[in-house]
Amino acid sequence: MACFLVGGGEAIVVTAVRSAVKKNEIKKGVVDESGHQLTDPAQDGICWTRKLGWLMNMLWGGVILLAIEHMWHGEVVPFPPFLTAMNDPAEIPVMLGEMGTVGVGMAVLVTVAWFVVTLVADMAVKRQPETAAKGA
Amino acid sequence: MTLVITILAAAIATAVWYAKAPSTDMRLGTLALIYWGAALMWCVDGINGLIEGEGFIEITDTAAMLDDAVLGVVVVAAGLVAWAIYLVAKDPKRVLRKSLVS
């Protein structure tokens, strides 16, 4: 019904947080203006500007594609109230319930998957020089 | 079927991103993440379907399956459009800037 809106809310928050983190990392000399990391990821880990960029892309991608699916099924319309469930007062609690279960579940799963990816990526970049030295 | 087609698109985008690495000029990683994000979200939808007694993926009704498959193709196309817009807006190869200046 409107489950993708929870992910949309998270995407907005993550975009704002990434923007603030990027400014901070530019000040510290960790990344440049275009977000490229200036420090060595093997020593300092992958910068948060980049990591949060991954989460942002996953969330916005999911939200856009799910919004299209909802339009396909006639649950989202391009005119007010935009969500067809809003036309029927009996449907509103059902919609909110779905947002609280499926919507939150979607946001949590994407965030958990992203968190695991960040841990694996950090481990991979920190292990690389060691592996290269062994290979040499 | 929408989920299956999206996972397929995500896997292909990831493989192409890997093949083109370390070049990031085409932002293929972003395309892969767009599809993975949507695939994960539809997985939750599928799990919810299982909890409610429906199937994880619709396979019993042919008409519904076909509708889902067409939706899957539309979704993949929409992902490509979103990626193309992102690519032009970011202009990582500075193609747009160069063509506008010259």
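The values are calculated or read from the model by the stated rules, or taken from the named source; none is laboratory data. Values in this document were obtained by computation on a predicted structure and should not be read as measured data. Cβ: placed from backbone, ideal geometry, glycine included. Neighbour counts: every protein chain shown. All accessible areas refer to the heavy atoms of the entire protein, side chains included, with ligands and DNA or RNA removed. Shrake-Rupley method; radii C 1.70, N 1.55, O 1.52, S 1.80 Å.
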With the requirement that a residue be farther than 20 Å from A:ALA121 by Cβ and assigned to a loop (DSSP other than H, G, I, E, B), what does region A:1-31 give you?
A:MET1, A:ALA2, A:CYS3, A:GLY29
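Yes/no per residue for (1) open to solvent by less than 50 Å² (accessible area, probe 1.4 Å); (2) in a helix (DSSP H, G or I):
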| position | (1), (2) |
| --- | --- |
| B:GLY29 | yes, yes |
| B:LEU33 | yes, yes |
| B:VAL44 | yes, yes |
| B:ILE59 | no, no |
| B:ALA63 | no, yes |
| B:VAL70 | no, yes |
| B:LEU80 | no, yes |
| B:ILE85 | no, yes |
| B:VAL88 | no, yes |
Quick one: A:LEU55 ticks every box in (1) under 12 Å from the mean Cα position of the chain (by Cα); (2) away from chain B (no Cβ under 11 Å); (3) open to solvent by less than 30 Å² (accessible area, probe 1.4 Å) except a single one, so which number is it?
(2)
Filter region B:90-102 down to residues that are under 23 Å from A:GLY35 (Cβ atoms) and part of a helix (DSSP H, G or I) and give me whichever is nearest to the other protein chains (Cβ to nearest Cβ).
B:LYS90
Could you list all residues from region A:70-92 that are assigned to a loop (DSSP other than H, G, I, E, B) and open to solvent by 60 Å² or more (accessible area, probe 1.4 Å)?
A:HIS73, A:PRO78, A:PHE79, A:PRO80, A:PHE82, A:ASP88, A:PRO89, A:ALA90
If I filter region B:16-25 for residues that are acidic (Asp, Glu), at the interface with chain A (Cβ under 9 Å from one of its Cβ atoms) and either assigned to a loop (DSSP other than H, G, I, E, B) or buried (at least 16 other Cβ atoms within 10 Å of the Cβ) (or both), do I get at least one hit?
no
Quick one: would you say A:TRP72 is touching a residue at least 24 places away in the same chain (Cβ under 8 Å) and within 29 Å of A:MET106 (Cβ to Cβ)?
no
With the checklist (1) of a type in the set (S, T, N, Q); (2) modelled with pLDDT of 95 or more; (3) open to solvent by 20 Å² or more (accessible area, probe 1.4 Å) in hand, flag the one item A:THR39 doesn't pass.
(2)
Scanning for something within 23 Å of the chain's Cα centre (by Cα), among the hydroxyl-bearing types (Ser, Thr, Tyr) and under 25 Å from B:ALA82 (Cβ atoms), does region A:99-110 turn up at least one residue?
no
Expected output for region B:66-77 (first residue closer than 13 Å to A:LEU66 by Cα, partner assigned to a helix (DSSP H, G or I) and open to solvent by 50 Å² or more (accessible area, probe 1.4 Å), Cβ below 8 Å, 6+ apart or cross-chain) is B:LEU71/A:TRP72; B:GLY72/B:VAL4; B:VAL74/A:TRP72
Within region A:105-127, is even one residue assigned to a helix (DSSP H, G or I), open to solvent by less than 80 Å² (accessible area, probe 1.4 Å) and more than 14 Å from chain B (Cβ to nearest Cβ)?
yes
